[in-house]
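The values are calculated or read from the model by the stated rules, or taken from the named source; none is laboratory data. What you see is a predicted model, and the numbers here were worked out from it, not measured in a lab. No Cβ is skipped: glycine too gets one built from the backbone with ideal geometry, and neighbour counts run over all protein chains shown. To get the accessible areas, we keep the full protein, side chains included, count just its heavy atoms, and leave off ligands, DNA and RNA. Shrake-Rupley method; radii C 1.70, N 1.55, O 1.52, S 1.80 Å.
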Amino acid sequence: MSLILAPMHGLADAIMREHLTTIGGFDECVSEFIRITHTVHSNQTWLKSIPELTNNGRTLAGTPCTVQLLGSDLNTMPENALKVCQLGANRIDLNFGCPAPSVNKHRGGAILLKEPETIYQIVWAVKQQLPDNVRLTAKMRLGYEDTNLALECAHAIERGGASMLTVHARTKLEGYQPPAHWDWIRTIKEHIKLPVIANGDIFSLQDYINIKKQTGCTHFMLGRGVLRRPDLAKQIQHYEQTGTIRPNESWLTIKEYIHQFFKLCMDNNNLNKYPMARLKQWLNMLKNTYPEAKQLFEEIRPLQKNQEIAAVLEKNT
Ligand SMILES: Cc1cc2nc3c(=O)[nH]c(=O)nc-3n(C[C@H](O)[C@H](O)[C@H](O)COP(=O)(O)O)c2cc1C
């Protein structure tokens, strides 16, 4: 069994990955997608987005971090993959699911689900460049408009040489609209030999129990659920290890996580709006679960200075 923190562009940046993997329960995390166009990124670009590269490809909590690439250029995808491996990456993932129009317009992400043969060529080309000790995986949605090519895409990823496949069980057109089609994850799993990582709408321990039963998978990826409930991975891990249910962490503990996160953001970049923006964004998600987070969010929302926010957090300790 393994639990993986999902790649989430704009949400799970290096600071959030460090924070969530320190809170615990994860076996692995995945970077936000790095877009590959017609050039090879500089060392500086890679290290800025994925500082884990300087720590043996791990977060400071010791959790392995997979580097996700997004693009379709058959020359620069492998070149960039090789470059980031030389900088310290040992796990590469390829994105075949991003629904953003700006990305799809340039033949990246979910648009490629219309072209299984192109998916095969990309996976194969990257695989040929990678050193043997580097793991190549891929992440897909069920399709662009419909699921007609879902199995073909999964087969293409397998034939191309990936060793694991994450399935986010929705089409591009479905966006993030519930429900995720977990039955499709089982279908894909039954048609390919690769281990499948089940993803989509795991917001609680009960969701985990349900998706596990419905898909038959042993690997799971958590995205928005863990931002709304930071102890979710720990709860699932505890359930797997003991068969018992770990009580939800108290607001006091969650509040401590919030303070630690703001401090991490301030230590990283206290001169601009980064800490303030990131904290507001996270509180906005936490308020789905904790009424106290809603109150704190309302109090902090109008503030425009990091120091003012620090004072509110201080007052709330
Ligand atoms: C804000 C946001 C950004 C995302 N960015 C990425 C990304 O960079 N790469 C990727 O493969 N998936 C990305 N996803 C999709 C998630 O990895 C995941 O597949 C999706 O959220 C479903 O899982 P969940 O229901 O557990 O959140 C993103 C999702 C969200 C909400």
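Quick look at the numbers
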| read-out | value |
| --- | --- |
| Net dipole in debye of the stretch 251-315 [+1 Lys, Arg Cβ; -1 Asp, Glu Cβ; about Cα centre; nearest 20] | 180 debye |
| Area of HIS106 that stays accessible when all protein chains are in place (1.4 Å probe, Å², to 10) | 120 Å² |
| For peptides 117-124, 229-236, sequence by mean Cβ density within 10 Å, most packed first | 229-236, 117-124 |
| Distance histogram in 5 Å bins (all Cα pairs of the stretch 2-242, percent per bin) | 1, 7, 15, 19, 21, 18, 12, 5, 1, 0 |
| Relative contact order of the stretch 74-137, pairs being alpha-carbon contacts under 8 Å that are 6 or more residues apart, as % | 49 percent |
| Relative contact order for the stretch 251-315, counting Cα pairs under 8 Å that sit 6 or more residues apart, in percent | 28 percent |
| By accessible area with a 1.4 Å probe, ligands and nucleic acids excluded, highest first: order of TYR144, TYR176, TYR239 | TYR176, TYR239, TYR144 |
| Accessible surface of LYS127 - all protein chains present, 1.4 Å probe, nearest 10 Å² | 80 Å² |
| Portion, in percent, of the accessible area of the stretch 249-290 that falls on carbon or sulfur, probe 1.4 Å | 52 percent |
| Order by protection proxy (mean Cβ within 10 Å, highest first), peptides 32-42, 296-306 | 32-42, 296-306 |
| Degrees separating the helix 116-129 axis from the principal Cα axis of the chain, which is the longest one | 80 degrees |
| Calculated Rg and Dmax of the stretch 1-42 using C-alpha coordinates, Å | 12.4, 38 |
| Exposure rank, largest accessible area first [TRP282, TRP184; 1.4 Å] | TRP184, TRP282 |
| Note, ³J(HN,Hα) from phi for the stretch 36-45, Karplus 6.51, -1.76, 1.60, rounded to Hz, x at Gly and Pro | 10, 10, 10, 10, 9, 5, 6, 3, 4, 4 |
| Surface accessible to a 1.4 Å probe, per residue, for the residues of the chain, Å² | 44 Å² |
| With every protein chain in place, the stretch 25-127: carbon and sulfur % of accessible area (1.4 Å) | 51 percent |
| Degrees separating the helix 306-315 axis from the principal Cα axis of the chain, which is the longest one | 60 degrees |
